[in-house]
Every structure is written in structure tokens, then in C-alpha cells.
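Here is the structure we will look at.
Read the figures in this text as sums done on the coordinates, not as results from a lab. Just so it is clear, the model here is predicted, and its values are computed rather than measured. Glycine also receives a Cβ, built like all others from the backbone with ideal geometry; neighbour counts cover every protein chain displayed.
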Amino acid sequence: MLAIARQRMLGQSFKKILPAVSVLRSYSSAAKQITVREALNSALDEEMSADPKVFLMGEEVGEYQGAYKITKGLLEKYGPERVLDTPITEAGFTGIGVGAAYYGLKPVVEFMTFNFSMQAIDHIINSAAKSNYMSAGQISVPIVFRGPNGAAAGVGAQHSQCYAAWYASCPGLKVLSPYNSEDARGLLKAAIRDPDPVVFLENELLYGESFPVSDEVLDSSFCLPIGKAKIEREGKDVTITAFSKMVGYALKVSEMLERDGIYAEVINLRSIRPLDRSTINTSVRKTNRLITVEEGFPQHGVGAEICASVVEESFSYLDAPVERIAGADVPMPYAANLERMAVPQVEDIFRAAKRACYRSVPLAATA
Amino acid sequence: MAFYSKNPRNIINNLKSKVGLWSLMKQSHGTCSYSSCLNTIHLHRFLPLTTLPQFTNPDSISHKKGHFPHFQRFQSTTTEKQIDSVPNGEQSQVLDFPGGKVVFSPEMRFLSESPSVYSQCYRVLDDNGQLISHSNFVPVSEEVAVKMYSNMVTLQTLDTIFYEAQRQGRISFYVTSIGEEAINIASAAALTSDDIVFPQYREPGVLLWRGFTLQEFANQCFGNKADYGKGRQMPIHYGSNKLNYFTVASTIATQIPHAVGAAYSLKMDKKDACAVTYFGDGGTSEGDFHAAMNFAAVTESPVIFICRNNGWAISTPTSDQFRSDGIAVRGQAYGVRSIRVDGNDALAMYSAVHSARHMAVNEHRPILIEAVTYRVGHHSTSDDSTKYRPANEIEWWRMARDPVTRFRKWIEINGWWGSEAESQLRSSIRSQDLSRVHGSGITKLGKQVLNFCCFPRGHSRLATIKGASTL
């Protein structure tokens, strides 16, 4: 008995020593880098192995390893019962996924891009989002809709629209949009564990980008809270809110502004619905100036909502009008030179920040 | 209608007595109970089973069933009547329902989910381009046949050039129609220029037939100043108001209800024209397909649905796409007249579309044509199909079942074509392409690829496409 207890004690103390050893190791070595693709793949893998009710559905997710290789290796590992290759009918397989969720399974439905989710939007809104409310809590729909959202490169109008504003306006849905690998892992895990329908908006161009992640992020129990934005960079002169790919642009802009003595605070929204109004307002109360950045169409966009929220709660703190940088108000053109003009560029955000700080660059200098 | 019944012999006896054996043979769907009848019928020719297209997983059991092609003459294009009830006096009772008269029966009989015999596939030329005896087809003049052949060759060449251009980074994207040249050109040849075309994206041949020039194709792909779309659309999203070809959209199957709507307006305007829409086997899974078919039947619109059943929807084979016996059988479910055609037989395609158009315009009815073929190329330049299907299967379809060669053999047999004409055609396409494509910036590339194409057919395409797919 004592021997067993002693062994157990030894074992536990070993366990206590080991993390310390790994911390020492991580101090000396560089932080691990993983791509957003690997982050999403590992998150799906871990959640599927932790919960047998989780399964994947979508076009080309199985044999083809995923249209963007996000679901690579999962068919092999979990079999065709849990990784379903569907026929071409978004309306069909979304309806089927919602039905499975009604029963108690946890589907993760992939849209090849969110443009195709328009074929299924009735099921997303009417069958999934509203069910919990309409049934007074008796029906819960633990489903995740994921896929690339927004502009890629040279794919034209029907493959480039951003749906953040569309889905975020609907009560009953949660809408998340990760930027880096840490966001991707933490938010996807949170989405799968969440008992309500979640729309998970990825970005095709970010799939291949690598970001450093800590050991904590790589742990299988890692999870990020839904509804909390992250302050990527602290500042005192102007607040820039962004999500998905635009966070990268905003960070670049903040480096450019620093050279001019302007310290921008960059907020990575992470969660479009629920929007972290308190973080945004606290930041605006500190800096007194706000730029909202998004890739989608300007009218009724995410920036419009943030601006309204700030005007409602922190009006007297504003020293300059809120500026929203958004995509051009046209369907996305294909030709490369036109596409460049239809999507916000780093220079656009930079000039807006300067304008907000009353240090605008004269028009002649702009291309 | 297939019967699932315990007493096939009873049915046979009943049917024999009420309906003549010959009209029995005209059934488009056979069941196992008819096998005894087949033995007594004298068949003129019997196609070996190996010619049945094996475009699904060869291990799949359901597709190993027998195929019984019937080579009787059918005098007209009217459909065969279905026997849809047991004409046994004591058992049948008829009652009026809102949907129509219903014959009752105390015997519980489920309709089988699949017929034991596939719906027959119409073909007129065999694999060697020889006309099958006792075949029924719409005659084609020498001029039209030669034009069809040269268009098919041009389409193949065009596809190869642009595919290579994409691989070289000169255009960002391309979709080939290799293996489906007969469907493209033959169907276009059977239509008139007033017929409005609603394509998916694998039908540039229809535009080519109607007069879209190689330069115009190049302009759209490059998105240059001369592009009618002004650089707004991805490559292969061609469109032409003048040629009645609605612009290609990236969305799948959305063009099908559009075609029905256009057909309806043509009917209202009493025009001598119909609407034609193309889509793949994958597109038939979309809700739009079902709504469109249903509406076309109910509104009696002059529309032709042409389904290119090429076996693949990116990597999804038809066995994962649907479990019905292909697409043609769905027509009947919606009240739409339909036919299954060998899509690699240009003459059969021409005949079917010609007859379909006649029925659509004169009788104001929709027609569904299922053209069975094989997608020889990759889904698009963003795909490598060797990852999900065997390379030797692709090669076999490219070489042994090439629709262009098959049609060439037929026009040669008729004395309308020869090797001199062949080399003249190839060289003229070469010089045309070079000068057109010059302006769009792929000069040396074009020359290289065209040289490849002019080699003996066996080596050329292998070299170019193989080289391309390994990039």
C-alpha cells in the first residue's frame, strides 16, 4: 500500500517537474510556428477525438482532403461515418446538418466559400439561428458553419463577398472571425463546444500564413472565449478595429504610424457577434479617435455597427469623426488592377488614421 | 415503371394477352420479368458489355448489372407508352382524385428504387465511327459535318493552348472541355442562332460554333481592354449578347431555372426559338435543378435541358452524387420527356438535340437530354484529378473513346474528309491561333503547344496534358 502511494507521489512529482523542464526548454528555443491551416486542422482533429458526436460535412472534405486542405487526414483517421463528402447541394446538406444537430449530434458544416452559403441561408437563419428562441429553449442547435469568407485573389464577384455583417445582424447566431493561428485554434474549439449555432468566417489567403504560438495554445484543452476582442497592440492616439486579414494590415499601419509619432491601438475583434463593445469603448475613451477597418461592403457593415455603438456610449470622448474603411461599393471585379482598388490597402488605412489625428497628408501626395 | 412483384409470370401472361409482344419490347424500362420475352425476340446486333462506359468505381457492385440495348426501329420520336397498372379486370378500380384517375389494387407493390436494366442509351456510330445498321438519325449534310469536325478540332486546340497558358502563369485560371467536344459542337449545330443558351462553364464549343472568335476567347481570359466583360470576370466566364449566349456564372445550376424563365417568355412572345441549358451530373443535385424541371413541365416551356453526365463533380463520382439510374429517368418523375444519349457520338447528339428542339418549339414542352461521357481533363486548373482517379483510366478515355477521332472516321468513310484536308486544317488553325493570340501576349507559347498538337494524335496530347498535370 505504502509502496503504491510512494510510486504515485513520485509519479506526481515527476509530472510537476516535467512542465518546468519544458518551460525551461521553451525559454531557450524560439516559439513554435504553425500555419492557420494546421491550426484549424489540429483543432478539428482534437475536438473530433474528444467528442464522438462531432462530425464533418461538406463538399470535397473527405477523399479530396478538403478543398483548401483544412480537413486533411481526417477521413483516414475517423472514417466516412464522421467525415461526410456531400453531393452539390448547400441547401440540402445544411438542412441535413441542422437536423442532425436537432437530434444531438454536433456537425461542423463546411461551405467551400461563404458565397455558397447563400444557397443555404434559409436553413442557417430559420432552422438553426431562430430555433432556440422560438422553442423557448427546448431546441438547441450545436452546429458550426465554417469556410473561407471575403476576398481571395482574382476570383471575381461570386467568390469574394464578405458575410460578416449579414450573419452578425441575426440574433441567435454567433459569428467569429479569426486572424492568426492562435485565434483559429481557440475560436474553432470554442465554436465546436458551443451549444448554439456558430458561423466561423475564415480567410483563404491566411490559410498558408504562419504565426508563432505558445505551448498553451497547442494544448488540446486550449479555448478562447467567444465575445472577447483582443488588443493586439496597445496605443494612446487612435484606435483601429479590424478582423480577419485586415488585422494584419492594421498592425502594419500601426508600425508606419509609430514612425510619425502616432501610437495606434489595434483591436482584433475576433468575435463579430457578440461584439465586444466594452473593449472597443474603453479603448476609444482612452484614445478619443476611431478607425474601423473591414473588407466587406460599406453599407450596413461591421464598421457602421461599431460606429453606432461608440456614438451611443462614448460620444463625448470622441475628438474626431469615426472613419470606416471598407471595400468599394461594387461587386468585386476580377482584373488585378481593379481588384486592388476594390479592397482596402495599407495606404488607405494609414491615410485615414492620419486624418483622424488631424495630421492628414495633402491630396496631391496620394496616388 | 418497375414492378416489385412476387408473380412475374402472372404479369407476363396478363401482359401478353392484353398487349402485343412487340409493343412490350418498346418499353424503355425493362424488368427481370421481361427476360423471358427477350429470349424470343430476334435482335439484329448486340453490343458487347465492355463498351458500357465504366465511369464509376469498378468495384461498385450496383453498376455491374446487364445492359440490354434494343435495336429496333422506332419510327418517330414519340415516347413509348408505359404500362402502369395490372390490367386485370377484377383487381382494378378507378376513382377520381384531384391529381387524376388512380387505379387501385389490393396487392401491395413498391416501385423499385432502381431498374434491373438501365435506361437505354442512344448511339448511332460505333467506336470505330461506323454507322450502326438500322439506326435512326437525322441526316447531316457534308458541309455541316465538316464544319462540326473542324470546330471540334479547334475546340481541342483552344483548350490545350489556354491550359498551357495557365500553367505558364499567363492567365490565372482555365477550365477545359476535353472529352466533351461532341456534346459542345453537335448540340450547337442542331440549334439555331435564335435559341438562347444558358451554359454552366464547360460549353465554350457552343460559343465557338456560333462565331465567337479565338481572339474574343483570348480577350476574356486575359481580361484585357478588348474584353467585353471589361476585366470584371474570371477567365472562361464568356458571354455574348449578339450570339445569344448568356454569360457564364460561377454558381452551379443557377442557370437552369433562368433558362426555364427565358423559355417561358419566348413562348409568351410566340417566338420560333427555345432556351437551352447545360449542366453537369453534379449540378443535378442542386435544388435549382429540381425546381426548374418541375416548373418547365407545369408551364409547358420550350426548354432543352442538356446534362453532361461526365462521371465526376470535382472529385465526387456519380455513385456519391446520386443513386438514381443517371439523370434521364428523373425526367419522367417531373413529367418531362427525356432521352439518354452517348455524348461521345456527335451524330447521335446532333440527332437528339435536333429532334428535341423540334418538339420543344412546336409542342411547347421541355425535353431532358442526358449525354453520358467522361471528363478527360481535370475539373479546372486548380485540380489534379490523378489524385482521385487512376491515370490509366483517364488515358483510356482520352485515346480510345475520343469523340473527335470517332467523328473523323465517319466523315472519312463518307468520303468527305481525308488526310490532306486534315493537315490543311491543322496548319490553318495554327496560323489563325498564332496571329490571334499574338495580341494577347502568348506568342512563343502558342507556337510550341500548336506544334505539339500537330503531331500524330497518339503522342501529342499525351505529351502536353501529361506535362501539364505534373506541374
Worksheet item: Cα-Cα over 31 Å: which of A:LYS72/A:LYS174; A:LYS69/A:LYS252; A:LYS69/A:LYS230; B:LYS230/B:LYS270?
Response: B:LYS230/B:LYS270
Worksheet item: Tell me, what are the semi-axes, in whole angstrom and largest first, of the equivalent ellipsoid of region A:57-124 as set by the roots of 5 times the Cα gyration tensor eigenvalues?
Response: 19, 15, 8
Worksheet, complete the sentence: Place a point 7 Å from the Cα of B:ASP269 in the direction of its beta carbon; the residues of region B:297-331 whose amide N falls under 20 Å from it are B:299-305
Practice prompt. Please give the net charge around B:SER119, taking every other residue with its beta carbon less than 9 angstrom from that of B:SER119, where Lys and Arg add +1 and Asp and Glu add -1.
Written response: -1
Practice prompt. Please list, in chain and number order, the residues 5+ apart from B:TYR122 or on another chain whose amide H is under 5 Å from its amide H, with Hs placed from the backbone.
Written response: B:ARG340, B:VAL341, B:ASP342
Worksheet item: With each label point set 7 Å from Cα along the Cα-Cβ vector, what nm distance links A:LYS252 and B:TYR228?
Response: 3.7
Worksheet, complete the sentence: Note, region A:66-74: 3J(HN,Hα) by Karplus (6.51, -1.76, 1.60, θ = phi - 60°), whole Hz, Gly/Pro = x, goes x, 4, 10, 6, 6, 9, 4, x, 7
Worksheet item: Of the peptides B:418-424, A:250-256, B:95-101, B:384-390, how do they stack up when ordered by the mean number of other Cβ atoms within 10 Å, highest first?
Response: A:250-256, B:384-390, B:418-424, B:95-101
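Could you please tell me the mean projected area of the C-alpha convex hull for region B:142-441, averaged over all directions and given in square nanometres to one decimal?
15.1
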Discussion item. As I understand it, the dipole of region A:152-302 uses +1 on the Cβ of Lys and Arg and -1 on the Cβ of Asp and Glu, about the Cα centre. Which of A:LEU188, A:LEU224, A:THR282 lies farthest toward its positive end?
Written reply: A:THR282
Worksheet item: When you look at the Cβ of every residue in B:217-224, what mean number of other chain Cβ atoms sits within 10 Å?
Response: 1
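Using a 10 Å cut-off on Cβ to Cβ distances, tally the other chain neighbours for every residue of A:335-341 and report the average as a whole number. Each step should come with its number before you reach the end.
On the way: counts 10, 3, 2, 4, 2, 0, 0.
That works out to 3 on average.
Could you sort A:170-181, B:146-157 so that the peptide with the highest average Cβ count within 10 Å comes first and the rest follow in order? All intermediate terms of the calculation are to be shown ahead of the outcome.
Numbers: A:170-181: 23.4, B:146-157: 21.5.
The densest-packed peptide leads the list: A:170-181, B:146-157.
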Worksheet item: Where q = 0.17, 0.18 Å⁻¹, what log10 of I(q)/I(0) comes from the Debye formula for region A:33-218, counting one point per Cα?
Response: -1.08, -1.22
Worksheet, complete the sentence: Simple spin-label estimate for A:VAL346/A:ALA136, 7 Å along Cα→Cβ, in nm, reads 5.7
Discussion item. Suppose the chain between B:VAL103 and B:ASN241 were pulled fully straight at 0.36 nm per residue; how much longer would it get relative to their current alpha carbon spacing?
Written reply: 44.7 nm
Worksheet item: What is the antiparallel percent of DSSP beta bridges lying wholly in region A:230-357, to the nearest 5?
Response: 20
Worksheet, complete the sentence: Total charge of the residues flanking B:SER301 in space, meaning their Cβ is under 14 Å from its Cβ, with Lys and Arg +1 and Asp and Glu -1, is +2
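Based on the Cα coordinates of region B:217-362, what is the per residue volume of their convex hull in Å³?
So the per-residue Cα hull volume is 130 Å³.
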Worksheet item: Averaged over peptide A:58-65, how many Cβ atoms belonging to another chain are found within 10 Å of each residue's Cβ?
Response: 4
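Using the per-residue mean of other Cβ atoms lying within 10 Å as a proxy for protection, in what order, highest first, do the peptides B:326-337, B:201-212 fall? Display every interim value, and only then the final one.
Numbers: B:326-337: 19.9, B:201-212: 22.8.
For the peptides B:326-337, B:201-212, the packing ranking is B:201-212, B:326-337.
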Worksheet entry | Compactness of chain A, expressed as Rg and Dmax over alpha-carbon positions, Å | 22.2, 85
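Translational diffusion coefficient of region A:101-207 at 25 °C, 0.890 mPa s, Stokes-Einstein with Kirkwood Rh over Cα pairs, in µm²/s as a whole number. Walk me through the numbers before you get to the answer.
Values: Rh = 14.1 Å.
The diffusion coefficient I find is 174 µm²/s.
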Discussion item. If N is the number of residues in region A:230-357, what value comes out of its Cα radius of gyration divided by 2.2 N^0.38 Å?
Written reply: 0.99
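R0 = 41 Å: FRET efficiency of B:ARG426 with B:ALA391, Cβ-based, nearest 0.05?
Once rounded, the FRET efficiency stands at 0.95.
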